[in-house]
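Single-structure report; data block below.
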Amino acid sequence: MDLGLKDRVYVVTGATRGLGKATARELVADGAKVVLTGRDEERAAAAAAELGPGAVGVAVDNADPGAPERLVAAAREAFGRFDGILVSVGGPPAGFVADNTDEQWQAAFESVFLGAVRLARTAAAELDEGGVIGFVLSGSVHEPIPGLTISNGLRPGLAGFAKSLSDELGPRGIRVVGLLPARIDTDRVRELDGLSADPEATRAANESRIPLRRYGRPEEFGRAAAFLLSPAASYLTGVMLPVDGGMRHGF
């Protein structure tokens with residue numbers, strides 16, 4: 001299938017590693033151009049160089065109020081257009097209710113939630129018909145994940161924001177989509193497994209609850225994200241797509 005990605009230009013935040021990087025890789029492989037971001041300038045530049053001339057790296061923090069305008073400008077300057085954005089950000093600190101501090105909640109809110117709102121709001125003002133705004137969320141949108149209390153508190157709210165935004169932007173022909181990863185084999189998930197006394201046993205237990213009986217590969221997530229962002233998904237909006245090997249058992 002031709003996804004229609006050739007020469008389209010996307011911003012992908014948090015793309016120096018993990019799910020953001022996997023998505024940027026798949027977009028570029030299918031002919032798109034990408035402005036990818038990370039907090040560290042050297043890592044952002046290195047990630048872009050790894051993807052070739054179809055990518056440029058920009059060092060920004062999603063929590064920076066000036067980031068959205070800077071990234072849209074970077075897309076237009078580097079590649080002459082702006083067709084969409086995928087908002088991805090590293091997960092907030094693990095912990096239970098009694099563990100997480102006000103400071104951790106505030107920092108996570110600024111980065112995970114308010115930063116995403118600002119990016120989406122700016123993108124909405126800059127996109128034309130056929131544009132798309134995507135969010136990397138979490139399976140916690142539907143079911144809380146033990147030990148990830150901050151994420152459990154923020155991700156469902158962001159999904160609600162995305163759904164509201166899809167209703168508002170639909171008449172302009174702009175789509176809004178969300179992706180709900182579960183156990184994808186990234187550094188972040190390995191770090192979370194590593195917090196247990198027996199990481200291998202924790203992974204095995206998680207795999208036993210996944211119908212496909214394995215963790216997902218980053219490129220599997222990246223391909224799903226690239227499709228949702230592409231013109232091939234032109235009649236999909238307001239959807240929250242689980243990329244989880246069947247881990248969510250509800251309809």
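The values are calculated or read from the model by the stated rules, or taken from the named source; none is laboratory data. All of these numbers come straight from a predicted model, not from anything done at the bench. Here the Cβ positions follow ideal geometry from the backbone for every residue, glycine too, while neighbour counts run over all protein chains shown. Just so you know, the surface numbers come from the protein's heavy atoms only, side chains and all, with ligands and any DNA or RNA stripped out. Shrake-Rupley method; radii C 1.70, N 1.55, O 1.52, S 1.80 Å.
Only a single criterion out of (1) open to solvent by 60 Å² or more (accessible area, probe 1.4 Å); (2) free of Cβ contacts under 8 Å to residues at least 40 places away in the same chain is not satisfied by Ile210, namely (1). For Gly90, the requirement of being open to solvent by less than 10 Å² (accessible area, probe 1.4 Å), closer than 27 Å to Ile145 by Cα and of a type outside the set (A, V, I, L, M, F, W, C) is not met.
Give the residues of the stretch 1-36 that are more than 12 Å from Leu51 (Cβ to Cβ), of a type in the set (A, V, I, L, M) and at pLDDT 95 or above, sorted by residue number. Residues satisfying the conditions are Leu3, Leu5, Val9, Val11, Leu19.
Hey, any hits in the stretch 34-45 for a residue that's touching a strand residue (DSSP E or B) at 6+ places or on another chain (Cβ under 6 Å) and closer than 19 Å to Arg217 by Cβ? Looking for residues that are touching a strand residue (DSSP E or B) at 6+ places or on another chain (Cβ under 6 Å) and closer than 19 Å to Arg217 by Cβ, one finds none in the stretch 34-45, hence no. Just one of the listed residues (Ser111, Ser166, Ser140) is closer than 20 Å to Ala15 by Cα and among the hydroxyl-bearing types (Ser, Thr, Tyr), and it is Ser111. Scanning the stretch 33-75 for residues that are open to solvent by 50 Å² or more (accessible area, probe 1.4 Å), in contact (Cβ under 8 Å) with a residue 40 or more places away in the chain and within 13 Å of Val89 (Cβ to Cβ) gives Asp61, Asp64. Taking the criterion of being surrounded by fewer than 14 Cβ atoms within 10 Å (Cβ to Cβ) and hydroxyl-bearing (Ser, Thr, Tyr), the only residue of the stretch 189-206 that qualifies is Ser196.
In the set Ala107, Ala162, only one residue is open to solvent by 20 Å² or more (accessible area, probe 1.4 Å) and touching a residue at least 12 places away in the same chain (Cβ under 8 Å); that residue is Ala107. On the stretch given as the stretch 163-191, residues that are farther than 30 Å from Glu129 by Cβ and in contact with a Gly (Cβ under 8 Å, 6 or more places away or on another chain) total 7. Does the stretch 124-141 include one or more residues that are open to solvent by less than 40 Å² (accessible area, probe 1.4 Å), assigned to a loop (DSSP other than H, G, I, E, B) and in contact with a Ser or Thr (Cβ under 7 Å, 6 or more places away or on another chain)? Yes, the conditions are met somewhere in the stretch 124-141.
May I ask you to verify whether Gly170 is more than 20 Å from the chain's Cα centre (by Cα) and either at pLDDT 95 or above or surrounded by fewer than 17 Cβ atoms within 10 Å (Cβ to Cβ) (or both)? The answer is yes for Gly170.
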